Amino acid sequence: MDKIAVVVINGTTREFDRQYHYLMPESLSDALAEGMRVIVPFGGGNSLKEGYVFGFAASSDYKNLKSIKKIIDAKPVLTPSLIELAIWMKQRYICTYAAAIKCMLPAGIGVKSLSIIKLLNNIRGLPPSKQAIIDTLAANENELEVNELKGLCGVKSGLNAHIKALEATGIIRVSEQYSTAVREKTIRVASLAMPSTEVLEDIENGVLKRIQQIKVLEMLLDNDYIAVADIVRFASVSPSVIDTLRRSGYLYYKDIEVKRDPLKHRTIVPTQPLEPTQEQAAVLEAAIAAVDRGSFSEILLHGVTGSGKTEVYLQLIRHVLDQGRQAIVLVPEISLTPQMIERFRGRFGDLVAVQHSRLSPGERYDQWRLIGNGEVKVVVGARSAVFAPFEKLGIVIIDEEHENSYKSETTPKYSAAQIAARRCLQDGALLLYGSATPSVDTFQRALDGKIGLLNLKGRANALVMPKVEVVDMRRELEEGNRTIFSTRLSEEITRNIKAGQQTILFLNRRGYASFILCRSCGIRLKCRHCNITMTYHSNDNRLICHYCGYTIKLPSTCPSCGSVSIRQFGTGTQKVEEDLQKYFPGSSVIRMDMDTTTGKHSHEEILDAFREKNINILVGTQMIAKGHDFPNVTLVGVLAADSLLGMDDFRASERTFQLLTQVAGRAGRGSLPGRVVIQTYNTEDYSITAACSHDYPSFFRQESDIRKRLNYPPFTNIACIILSSVNDKLAFENAKEVARLLASQIVSDEGDELLPGPVRAPISRLRNRYRWRLVMKCNSVDRLTAMLAAASDTFHASKGRNDVELNMDINPASMM
């Protein structure tokens, strides 16, 4: 009897998302392994689908099992621990197996099916439509993919029926081929096809008379093989010269694989471990002891900016590697600078792989294969690097653990910290959280004794924290200063320029102007697809929606009332850059935001230019706030410290404190002392005052007290449920239905609470879809997950839901 494989199907809805049993034909059983992908027939029509082998079964209660048609992979793409993780993610994040697996595999690896039509018998006298198919195939070397045939043969209808009829009579053959968007990169090389002594004899005896051919062979005599393109380039010959030598039997071609290295354009300088400070040594001793225990543990490393957390990471990783284990380092995408990557490559060389969104699909695929093949031991990357296919993890480090980018905002809405904890639990590894401004949730867990707590209270090399000065912008207005630079900040910028020192100016708003307002009718110009004001960009004189990308030229008159009194209001980084050149003539300025970093290497080009050319001022959004170390930066200016406080989110104060502390930490990281000037209209807010004094404990106490009174995380769990549709009424009615489904499960005595609703989401329309929000609280994350899953499955099981989208997120990064 054929063996039985347990397979999950790619692309099913949750209704059909389960583990299916398939027979393994004897011809495939020896080659098939857990974690491989297969092609299987699925559903009543037996359409061929991609599936993942989750394991094997000794028997099955199901009747009339179907058989696996084809094995896709030569080796597994999923490790046993990742399969176990996918099963857990399906339950925890209310998603499908396939959605969980998609997080684990590089983009472009998905299988695409191609139907190939091959002409076997070129006959005449068929009906016009069938004859057109035959003639088209004959004119294209007897073989075409079905969509190519459809475009060339001119048959308007019934093509599939004609193909089936021609196949049934043996005139054509239809076969399925499978391909992926990314694959190994190969180059064509040339090698000698005969012994070198014979080649030398032919050269010396004058058998070869053309100097071009002799130059090619002389190159190959010194090398096992050379890329054909390099021969053409360095021997200054045409490809036909090389091909003549091939036909004459002197050389042959072969294709060899080359790895795409995302850092090939960088010069990596090897580094040695630094002598740890007294505080660093104490932290290392405690963390190494946790690693050596070989059981799962979690530690928060709370270290001020510039305290040397990265050096601690590097020395911990060395200890883990010496044990024959592996390490994952997660860094927020925004902080994953070339400088950060080079620190790890400089210490561990080719043992380091990189994973982030700026890699090409081919580079990401090759890095993933290096990890899976065991050729690297350390992965440094953004959120998705947590899925690196390691099987002997010793440590996972989450740097800047407070960053909300570690929480996915697309399904599955996973938390990288939760995934890391699950993986460390599987392998008995240490999970180390690092931050100068820990999230309230993580710090509360440390205070409760649920995780360890280690501290680095001083900067490395005895450097002092920067001096912070707060400027009340209300006073500036009273004194007649209408510019975006306070008098104090202007003085400090001028002082830095004269001293040849550098300045960073932070404004968390890109573009030129925040919005366009008609001063006659009061209308703000909003995106036609989203309920969001559009941002003005002066470079191309356009308004752009930063949510959906919709753009229009700046109108000369108000589209509502026709008035010419249409003006720009608010300030973005583009406007700051322009004003700097106006108020500080002759100064050099460079800008770093989403608009200037669209190119693959834009980030490093801007940062390298700022460092190496000693540019006076760097202006940017939050991407300049973290992960950068510029010794000559002695001044940081924050232009609008209170801009985040107006967010409709219970974490607004926490994010304000974190961002201000992080950006202030860029000053004074070299031998010169740092200064920070913070401009705000709200000088009394506790998040701003605590950031100015580098006082995390004070901020935490006040924020924690507010959260506890209002019953917000970390003292409960919160779920944000969004229903959206192009039809506003339909979205609202379905939101009410989901509210009823949730209300029926609530147990008030268990701490369950469904807030009044549905209400319009803070962003009430996005990409043409109207959005309604429900908010639910629950003390138990397991109970909350179960209630949401039940409501989701009931909702999706009902007919007529195709026009309504349901999104559920537990402890979301944003309540918007």
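The values are calculated or read from the model by the stated rules, or taken from the named source; none is laboratory data. Bear in mind the structure is a predicted one, so any value in this text is a computation, not a measurement. Every residue, glycine among them, receives a Cβ derived from its backbone with ideal geometry; neighbour counts consider all protein chains shown. With ligands, DNA and RNA removed, areas are computed over all heavy atoms of the protein, side chains included. Shrake-Rupley method; radii C 1.70, N 1.55, O 1.52, S 1.80 Å.
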- Task: Please find, within region 727-753, the residue that is modelled with the lowest pLDDT out of those that are over 15 Å from R773 (Cα atoms) and β-branched (V, I, T).
- Result: V747
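Conditions tested, residue by residue: (1) surrounded by fewer than 18 Cβ atoms within 10 Å (Cβ to Cβ); (2) out of contact with any Cys (no Cβ under 7 Å at 6 or more places or on another chain); (3) in a helix (DSSP H, G or I); (4) not β-branched (V, I, T).
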site: T442; (1), (2), (3), (4): no, yes, yes, no
site: A446; (1), (2), (3), (4): no, yes, yes, yes
site: K450; (1), (2), (3), (4): yes, yes, no, yes
site: V464; (1), (2), (3), (4): yes, yes, no, no
site: V471; (1), (2), (3), (4): no, yes, no, no
site: L477; (1), (2), (3), (4): yes, yes, yes, yes
- Query: Which condition breaks for N802 when tested against (1) surrounded by 17 or more Cβ atoms within 10 Å (Cβ to Cβ); (2) within 30 Å of G549 (Cβ to Cβ)?
  - Reply: (1)
- Item | Considering residues of region 557-593 that are out of contact with any Ser or Thr (no Cβ under 9 Å at 6 or more places or on another chain) and among the hydrophobic types (A, V, I, L, M, F, W, C) only, the residue nearest to A641 (Cα to Cα) | V576
- Item | Hits in region 1-12 (condition: open to solvent by 40 Å² or more (accessible area, probe 1.4 Å) and either without any contact (Cβ under 8 Å) to a residue 60 or more places away in the chain or more than 16 Å from C95 (Cα to Cα) (or both)) | M1, D2, K3
- Query: If we scan region 516-528, do we find a residue that is under 28 Å from the mean Cα position of the chain (by Cα), in contact (Cβ under 8 Å) with a residue 24 or more places away in the chain and open to solvent by 60 Å² or more (accessible area, probe 1.4 Å)?
  - Reply: no
- So is G434 open to solvent by 40 Å² or more (accessible area, probe 1.4 Å) and small (G, A, S) or not? no
- When Q323 is evaluated against the numbered criteria (1) surrounded by fewer than 22 Cβ atoms within 10 Å (Cβ to Cβ); (2) free of Cβ contacts under 8 Å to residues at least 60 places away in the same chain; (3) not β-branched (V, I, T), which criterion, by number, is the only one it fails? (2)
- Any residue in region 356-377 that's farther than 10 Å from R260 by Cα: show its pairings with residues that are open to solvent by 40 Å² or more (accessible area, probe 1.4 Å) and outside any loop (DSSP other than H, G, I, E, B) at Cβ separation under 7 Å, as long as the two are six or more apart or on different chains. H356/E333; S357/E333; V376/L351; K377/L351
- Message: For region 129-148: of the residues being in a helix (DSSP H, G or I) and open to solvent by 50 Å² or more (accessible area, probe 1.4 Å), which is nearest to I172 (Cα to Cα)?
- Response: D135
- Query: Within region 232-244, is even one residue farther than 22 Å from V207 by Cα and open to solvent by 50 Å² or more (accessible area, probe 1.4 Å)?
  - Reply: yes
- Item | Condition met for D629 (over 16 Å from Q502 (Cβ atoms), touching a residue at least 60 places away in the same chain (Cβ under 8 Å) and of a type outside the set (A, V, I, L, M, F, W, C)) | no
- Does region 670-691 include one or more residues that are touching a residue at least 40 places away in the same chain (Cβ under 8 Å), under 32 Å from the mean Cα position of the chain (by Cα), open to solvent by 20 Å² or more (accessible area, probe 1.4 Å) and within 20 Å of E403 (Cβ to Cβ)? no
- Item | When residues of region 591-617 are limited to those that are among the β-branched types (V, I, T) and buried (at least 18 other Cβ atoms within 10 Å of the Cβ), the one nearest to G572 (Cα to Cα) | T596
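Results for (1) open to solvent by less than 10 Å² (accessible area, probe 1.4 Å); (2) of a type in the set (D, E); (3) more than 30 Å from S486 (Cβ to Cβ), shown as yes or no for each residue.
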site	(1), (2), (3)
A719	yes, no, yes
L723	yes, no, yes
K729	no, no, yes
F732	no, no, yes
V747	no, no, yes
E753	no, yes, yes
A761	yes, no, yes
S764	no, no, yes
Y770	no, no, yes
- Hey, among V199, V216, V207, which residue is more than 23 Å from Y365 (Cβ to Cβ) and surrounded by fewer than 16 Cβ atoms within 10 Å (Cβ to Cβ)? V207
